[in-house]
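The values are calculated or read from the model by the stated rules, or taken from the named source; none is laboratory data. For clarity, every value in this text was computed on a predicted model and none was experimentally measured. Every residue, glycine among them, receives a Cβ derived from its backbone with ideal geometry; neighbour counts consider all protein chains shown.
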Amino acid sequence: MSVWLSYTPRPQTRKPRNDLLNEYTISLTGSGGQAASFCQIICTMANFQKLTSRQEDYSKWYNELVVKADLAEQSAVRGCMVIKPYGYAIWETIQHELDRRFKEQGVQNAYFPLLIPKSFLSREAEHVEGFAKECAVVTHHRLMNDPNGKGVVVDPNARLEEELIVRPTSETIIWSTYKNWISSYRDLPILCNQWCNVMRWEMRTRLFLRTAEFLWQEGHTAHATKEEAEDYARRMLDVYADFAENIMAIPVIKGVKSANERFAGALNTYCIEAMMQDGKALQAGTSHFLGQNFAKSFDVQFLSKENKYEYVWATSWGVSTRLMGALIMTHSDDNGLVLPPALAPVEVVIVPIFKKAEDLAALMEKLDPLADELRRRNIRVKVDTSDQSSPGFKFANYELKGVPVRLAMGGRDLENGTIEVARRDTLTKETLPIEGIAEHIEQLLADIQRNCYQKALAFRTEHIRTCDSYEEFKTEIQKGGFLLCHWDGTPETEERIKEETKATIRCIPLDPLPGFQEETGKCMVTGKPSPRRVVFAIAY
RNA sequence: CGGGAAGUAGUUCAGUCCGGUGGAAUACCUGCUUUGGGAGCAGGGGGUCGCAGGUUCGAAUCCUGUCUUCCCGACCA
């Protein structure tokens, strides 16, 4: 049986703030054979607290979502954000999951200073070339009362002899330290990571995507051989890819950066690239093979088994709070945030629907044991017994915040022994017998996690295509998505493409993409031979 | 850092052209009625109009400077 219903919103005397109506499909299916009716009801409802739709203005949608879902907000300091508790809880889960994986790779955490002597940044010429322009500089170490009586001023007598740089990344301070830690091959490898903040004086900032200060982890390793270092850089890339796909539910392309996009000071930069819903690319993590560049700059040598001095080989790798941006732009919709269960601070919210305290008490007799059972299954549960807002408000609010599963139970359910189960990713809901519901929820969460990934993968697959003509490329690339093209391997060609189209080579894929054969060809711009197709896109 | 727009109540915005005791919606507080998709009615509180100067008898409004945010560009290791 399949019944179509239409939901009529409660009459509103109040004028809707806007006429944005969300269209939902409505269907109700019941099957006589099952113990309970299976309902799939999705409704048409007025969206009172308007979130700009993605189609209308993607950028605005993102900005509003970050604030309305309570993830982060602007601070009093230009370009610096406040990460709010709900957003930080997601970041903590990201940290926890990554940290566990790092430790499986033998990594230990450590901490290095925030401030770096200016002279350190002059040591590795190429490295400095890359980012010296956007650093914050500490010049004084004391304040004094303003002689004119208004607040405090910098004490002109407290100028630092050597200015200090707020770390934009820690390679230099770490390698100056590693020099003291390393004398023999027996000291190697060193596998350290630090969770910290860094600062880059960005001109244009956006919450999570590009802020002046941001949180990240940076791993820095030292090895005796080139092979071991190269292998380690690759291995950490695999760790990132595994994490992105299994925890964040974001499909990524593992690849190598072209010379133009390579980290300054690295011999090779690996990356994972993700596609956002607007078709733009976002680099979700990088891992660098640094060769002996930093070892030479900071004179870090070790005595080998053969009693010979050799420079050590290095890697560094990192992901940042930018991942929060990737998470939002991969899964969320016009109703708000959508979180894969693995990262959701609350995986299941339970909303009792009641009028009087007695009603609530009766409902809680069923709901408390259910919440306990879910918690025993290691599911993060919140029971919202507050009578401060209506059930409808709670529904909309938890949707905005991306809670994967919502359970609602009212008087009717209590009589029937049922509970309403709504899932955020598909916006569907069904009424099920409460008997055995915990098992069902556990499976449902796993299903939602899979579905988030599959949906994102399907979207990416739809928006990857090959392109062999540069003329065609110029128009196609503006439509968004990834274009697989032949390229002659020269920085000049890439530079020309970037100038003319704003598109860059996101990566040279390590593995053939699903559905695409690896093949040689001719560069779409110059016609010179190309060993394989590379990924072009407009990037964040 | 260049070009554009904007900063007025917690939020979204009107008021600024044409100077004369600062508004709406929503949010908030109280009470009653409500509660299965963003509740209703009644009452109430809340703003140095971003900041600093200047013009004026008088400035949210005019002028100068400055800070912040958003959009476009440059930059983004």
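What the table shows:
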| quantity | calculated |
| --- | --- |
| Residue tally, condition within 9 Å of RNA strand B (Cβ to nearest atom), within 30 Å of A:Tyr62 (Cβ to Cβ) and either among the charged types (D, E, K, R) or touching a helix residue (DSSP H, G or I) at 6+ places or on another chain (Cβ under 6 Å) (or both), over region A:374-399 | 2 |
| Residue ranges of strands (runs of 3 or more DSSP E) in region A:16-88 with at least 1 members at pLDDT 90 or above and surrounded by 15 or more Cβ atoms within 10 Å (Cβ to Cβ) | A:72-74, A:81-83 |
| Options A:Tyr240, A:Tyr232: the member that is among the hydroxyl-bearing types (Ser, Thr, Tyr), in a helix (DSSP H, G or I), under 21 Å from A:Glu92 (Cα atoms) and more than 14 Å from RNA strand B (Cβ to nearest atom) | A:Tyr240 |
| Qualifying position, being away from RNA strand B (no atom under 14 Å from the Cβ), in contact (Cβ under 8 Å) with a residue 60 or more places away in the chain, surrounded by fewer than 19 Cβ atoms within 10 Å (Cβ to Cβ) and not β-branched (Val, Ile, Thr), among A:Leu339, A:Leu303, A:Leu327, A:Leu343 | A:Leu303 |
| Selection count, region A:70-90, where residues are more than 19 Å from A:Arg210 (Cβ to Cβ) and either in contact (Cβ under 8 Å) with a residue 60 or more places away in the chain or basic (Lys, Arg) (or both) | 3 |
| Count - residues of region A:346-379 that are surrounded by fewer than 18 Cβ atoms within 10 Å (Cβ to Cβ) and not in a helix (DSSP H, G or I) | 4 |
| Test: residue in region A:103-111 that is more than 21 Å from the chain's Cα centre (by Cα), among the hydrophobic types (A, V, I, L, M, F, W, C) and modelled with pLDDT of 95 or more | yes |
| Residue check for A:Asp413: modelled with pLDDT under 95 and near RNA strand B (Cβ under 7 Å from one of its atoms) | no |
| Some residue of region A:189-211 being in a helix (DSSP H, G or I) and either surrounded by fewer than 20 Cβ atoms within 10 Å (Cβ to Cβ) or at positive phi (or both) | no |
| Selection count, region A:186-240, where residues are over 27 Å from A:Met81 (Cβ atoms) and free of Cβ contacts under 8 Å to residues at least 40 places away in the same chain | 5 |
| Condition check for A:Ala69: within 16 Å of RNA strand B (Cβ to nearest atom) and within 18 Å of the chain's Cα centre (by Cα) | yes |
| Strands (runs of 3 or more DSSP E) contained entirely in region A:419-531, each with at least 1 residues that are surrounded by 20 or more Cβ atoms within 10 Å (Cβ to Cβ) | A:428-433, A:482-486, A:504-509 |
| Close pairs from region A:97-119: first in contact (Cβ under 8 Å) with a residue 12 or more places away in the chain, partner of a type in the set (Ser, Thr, Tyr), Cβ under 7 Å, at least 6 apart | A:Phe112/A:Ser170; A:Phe112/A:Thr177; A:Ile116/A:Thr172 |
| Considering residues of region A:169-187 that are of a type outside the set (S, T, N, Q) and surrounded by fewer than 20 Cβ atoms within 10 Å (Cβ to Cβ) only, the residue farthest from RNA strand B (Cβ to nearest atom) | A:Arg186 |
| A:Glu261 vs. criteria touching a residue at least 12 places away in the same chain (Cβ under 8 Å), within 13 Å of RNA strand B (Cβ to nearest atom) and of a type in the set (D, E, K, R) | yes |
| Breaking point among (1) more than 14 Å from RNA strand B (Cβ to nearest atom); (2) in contact with a helix residue (DSSP H, G or I) (Cβ under 9 Å, 6 or more places away or on another chain); (3) closer than 30 Å to A:Lys308 by Cβ, for A:Asn293 | (1) |
| Residue count, region A:516-530 (criterion: modelled with pLDDT of 95 or more and over 20 Å from A:Glu476 (Cα atoms)) | 4 |
| Failed condition for A:Tyr309, given (1) modelled with pLDDT of 95 or more; (2) within 30 Å of A:Ile441 (Cβ to Cβ) | (2) |
